[in-house]
1. Does anything in segment 146-160 have its amide N under 16 Å from the 7 Å Cα→Cβ label point of F199, and if so which residues?
2. Going by a ≥ b ≥ c, the root eigenvalues of the Cα gyration tensor, does segment 1-107 fall in the rounded group (a/c under 1.5), the prolate group (a/b larger than b/c) or the oblate group?
3. Using a ≥ b ≥ c from the Cα gyration tensor of segment 124-233 (square roots of the eigenvalues), is it rounded, prolate or oblate, where a/c under 1.5 gives rounded and otherwise the larger of a/b and b/c decides, a/b for prolate?
4. DSSP loop (so not H, G, I, E, B), at most 11 other Cβ within 10 Å: list which chymotrypsin sites (Phe, Trp or Tyr not before Pro) in segment 139-208 pass both filters.
5. Restricting attention to segment 1-94, which chymotrypsin sites (Phe, Trp or Tyr not before Pro) occupy a DSSP loop and are surrounded by at most 11 other Cβ atoms within 10 Å?
6. Please calculate the 1.4 Å probe accessible area of H67, with all protein chains present, and give it to the nearest 10 Å².
7. Label point 7 Å out from V54 along Cα-to-Cβ: which residues of segment 167-196 have amide N under 19 Å?
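The values are calculated or read from the model by the stated rules, or taken from the named source; none is laboratory data. Everything numeric here is computed off the predicted structure, so don't read it as measured data. Cβ placement follows ideal geometry from the backbone for every residue including glycine, while neighbour counts extend to all protein chains displayed. Remember, those area values only see protein heavy atoms, side chains included, never the ligands or the DNA or RNA. Shrake-Rupley method; radii C 1.70, N 1.55, O 1.52, S 1.80 Å.
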Amino acid sequence: MKLTLDNAIAPIFVLIWSTGFVIARLAMPYVEPATFLFWRFAGVLAAMAALSLVWRITWPSWSQIKHIAVAGILLQFGYLLGVWFAVRLGMTAGLVAIIVGLQPIVTAWFAAWISEKVSPRQWIGLGFGFAGVALVVVEKIGFTHIPLASYVLAFGALLSITFGTLYQKKFCPVFDLRAGSSIQFGVSAGLCFICMYLFESGEMVWNPSVIGALLWAIFPLSIGSISLLFMMIRKGAATKVTSFLYLVPPTTAAMAWMLFDEPFTLLMAVGLCLTMTGVVLVNARQANTVATIAE
């Protein structure tokens, strides 16, 4: 059975997902990472509880709940905390984006774990995508001194979302999105509370920037984009799904140009074209290639 991605889901996902870096920059001066993420996850749980009163949720078995929870720890807690702390310690949003943008290549390296085959065309597309991402953010790297801890956290976030995607694809690819979101955000909220209690003050400056960032993070980002990501993981091969993340850094750069007046140069525009070419190559239909999924 050939696997295809809904053409409408992917661009919407990219646009929403790209705002995560903008939200981090917007809220970071007023709140610590684990504190913000705790309130974000708690807000998602409240929204999911309200939805459960309207729509009946089909809860998975206990064994599947454990797999969903592990995937959530990697996809939510590990990834987001790593990104936010990297930005908190001084890493630019563009550099975080390029490090996390390595995910499709890392995913391809480990694709055999879930019995997927990566074709030569896809490898070429992955190369184009990485080259494009590098061009988009290369001018941002040398602007500020960035501590080593930021790099460790950013690469930790990269590994976390990569293995979270593969783990979910292998062990729990199909489940009720509302139940799965409740499980994953619930576990992540608990872990963020522990981090907040042990390592942070727990204080948040409640102003329009923080409130707007929190509301956007709860609804479009956490509920909207994660649901779209789960739908794409369910429908498509993992390497193809994560190739769409190559479009996030260029989109983030464009948003930063519009919202924060950050430069968007000709080099970045060339990188965007390369990135889009890479995504097309990775996701192009191939008549004699069938991607398989380990259920």
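1. 147-160
2. On the way: a/c = 1.73, a/b = 1.25, b/c = 1.38.
Verdict is oblate for segment 1-107.
3. On the way: a/c = 1.65, a/b = 1.07, b/c = 1.54.
Verdict is oblate for segment 124-233.
4. Details: sites: F143, Y151, F155, F163, Y167, F171, F175, F185, F193, Y197, F199, W206; in loops: F143, F175, W206.
Sparse-neighbourhood loop chymotrypsin sites (Phe, Trp or Tyr not before Pro): F143, W206.
5. On the way: sites: F13, W17, F21, Y30, F36, F38, W39, F41, W55, W62, F77, Y79, W84, F85; in loops: W55.
Here the chymotrypsin sites (Phe, Trp or Tyr not before Pro) that fit, given the DSSP loop and packing criteria, are W55.
6. Its heavy atoms expose roughly 60 Å² to the probe.
7. 176-183
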